[in-house]
Each structure stands twice: as structure tokens, then as C-alpha cells.
Amino acid sequence: MFLHCVHSQRPTPSVALLHAAKYGGLSAQDSAAAIRTALGVNEIGGLLWTAALDEARMANAG
């Protein structure tokens, strides 16, 4: 999957998180950790990231 946004902020990591959790076989936490590592950041925030993380957790649970 190819996604692009300026400086990988907000949309790209959020969509990647949800995709990795739903289709990549990773847990929500492992997906989030992998994305933060790939971007070289300790934290990613914002409403879209939080919503994607919540959705990924629900996808893993169901």
C-alpha cells in the first residue's frame, strides 16, 4: 500500500495503523510501535491517530 502526506503526519500513519491491525496480522499495539519506529518518533497524537488506534483495538478484539 502506498500513502503519502506531508512529513507523514496524521493521515498516513493513522491509515497504516488500521491497515496493519486489520489486514497485516499485527496487534494494535504492535502496529503502533512499528509505525512509530519507522517514523523515528516516540509519540504520534491527534484525533485521527486516536480513532485509528481505537478502531484497530476493536478489530483485534472481534
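Values quoted throughout were computed directly from the atomic coordinates according to the rules given, and no laboratory measurement underlies them. Please read all numbers here as calculations on a predicted model, not as lab measurements. As a convention, Cβ positions derive from the backbone with ideal geometry for all residues, glycine included, and neighbour counts pool all protein chains shown.
The set of residues in the stretch 20-34 that are in contact (Cβ under 8 Å) with a residue 12 or more places away in the chain and within 15 Å of ILE44 (Cβ to Cβ) comprises ALA20, ALA21, ALA28, SER31, ALA32, ALA34. Residues in the stretch 37-50 that are within 10 Å of the chain's Cα centre (by Cα) and touching a residue at least 12 places away in the same chain (Cβ under 8 Å): 3 in all. Counting just the residues of the stretch 18-55 that are in a helix (DSSP H, G or I) and among the hydroxyl-bearing types (Ser, Thr, Tyr), which one comes out surrounded by the most Cβ atoms within 10 Å (Cβ to Cβ)? So, considering only residues that are in a helix (DSSP H, G or I) and among the hydroxyl-bearing types (Ser, Thr, Tyr), the one surrounded by the most Cβ atoms within 10 Å (Cβ to Cβ) is SER31.
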